[in-house]
Amino acid sequence: MRDPNCIFCRIAAGEIPSATVYEDMDFRAILDLGPASCGHTLILPKDHFRDLTELPDETAAKVLPLARRIGTTLKDALGAAGFNVVQNNGEAAGQTVPHFHVHLIPRYEGDENIVSWTPGELSEADRDMILEKVAKAL
Ligand code: 5GP
Ligand code: ZN
């Protein structure tokens, strides 16, 4: 199902032009308009799902093989040294367009690390709290 007010639905459907590197029945992959690196690509499902929590298993099962295929091709074709796969869920996680998408970001020799954090420490209290709340719920 598409959402007529969603820009990524309109791009995925071809209503709004985009630099499309790949398209099939289920997905369109486009160049990001604000790229983090040369070749930064977004994989968009053609149906509207807000984020990973809404993605049906059938669609989800197709996403990682496609990310591997396009990511590998970006790397080889553009002479990158690697690539990041980034996928944000919710505003707090940096998602700005609420239509599920996967970022493929080619990385070149000498690039700065763009997906990084300062490691903290796992306290015993946190570990116990997390295991109590999360592991039991899974
Ligand atoms: P998010 O922050 O939601 O994970 O990523 C949204 C991405 O979509 C950003 O990297 C942004 O540059 C890109 N973007 C936003 N609007 C457009 C658009 O209209 N066309 C394209 N090609 N990329 C867009
Ligand atoms: Zn949408």
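The values are calculated or read from the model by the stated rules, or taken from the named source; none is laboratory data. On a predicted model such as this, the values are computed, not experimentally measured, just so you know. Every residue, glycine as well, gets a Cβ built from its backbone with ideal geometry; the counts of neighbours run over all protein chains shown. Remember, those area values only see protein heavy atoms, side chains included, never the ligands or the DNA or RNA. Shrake-Rupley method; radii C 1.70, N 1.55, O 1.52, S 1.80 Å.
Can you tell me which residue among Asp47, Asp76 is charged (D, E, K, R) and either touching a helix residue (DSSP H, G or I) at 6+ places or on another chain (Cβ under 8 Å) or surrounded by 12 or more Cβ atoms within 10 Å (Cβ to Cβ) (or both)?
Values: Asp76 fails: either touching a helix residue (DSSP H, G or I) at 6+ places or on another chain (Cβ under 8 Å) or surrounded by 12 or more Cβ atoms within 10 Å (Cβ to Cβ) (or both).
Step by step, each of Asp47, Asp76 is checked, and only Asp47 is charged (D, E, K, R) and either touching a helix residue (DSSP H, G or I) at 6+ places or on another chain (Cβ under 8 Å) or surrounded by 12 or more Cβ atoms within 10 Å (Cβ to Cβ) (or both).
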Which count do you get for residues in segment 25-77 that are farther than 20 Å from Val115 by Cα, part of a helix (DSSP H, G or I) and of a type in the set (A, V, I, L, M)? 5
Quick check on my filter: what residues within segment 9-34 are within 13 Å of ligand 1 (Cβ to nearest atom), touching a residue at least 40 places away in the same chain (Cβ under 8 Å) and either open to solvent by 20 Å² or more (accessible area, probe 1.4 Å) or among the acidic types (Asp, Glu) (or both)? Val21, Asp32
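A quick yes/no check of all residues on (1) within 16 Å of ligand 2 (Cβ to nearest atom); (2) among the aromatic types (Phe, Trp, Tyr); (3) touching a residue at least 24 places away in the same chain (Cβ under 8 Å); (4) farther than 19 Å from Ala29 by Cα:
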| site | (1), (2), (3), (4) |
| --- | --- |
| Asp57 | no, no, no, yes |
| Lys75 | no, no, yes, no |
| Ala92 | no, no, no, yes |
| Gln95 | yes, no, yes, no |
| Tyr108 | no, yes, yes, yes |
| Thr118 | no, no, no, yes |
| Glu121 | no, no, no, yes |
| Val134 | no, no, no, yes |
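Name the residues in segment 84-138 that are outside any loop (DSSP other than H, G, I, E, B), among the aliphatic types (A, V, I, L, M) and under 25 Å from Lys62 (Cα atoms), would you?
Within segment 84-138, the first condition is being outside any loop (DSSP other than H, G, I, E, B), and the residues that meet it are 84-86, 91-93, 102-107, 124-135.
Filter once more, keeping what is among the aliphatic types (A, V, I, L, M): 85-86, 92-93, 102, 104-105, 125, 129-131, 134-135.
The answer is Val85, Val86, Ala93, Val102, Leu104, Ile105.
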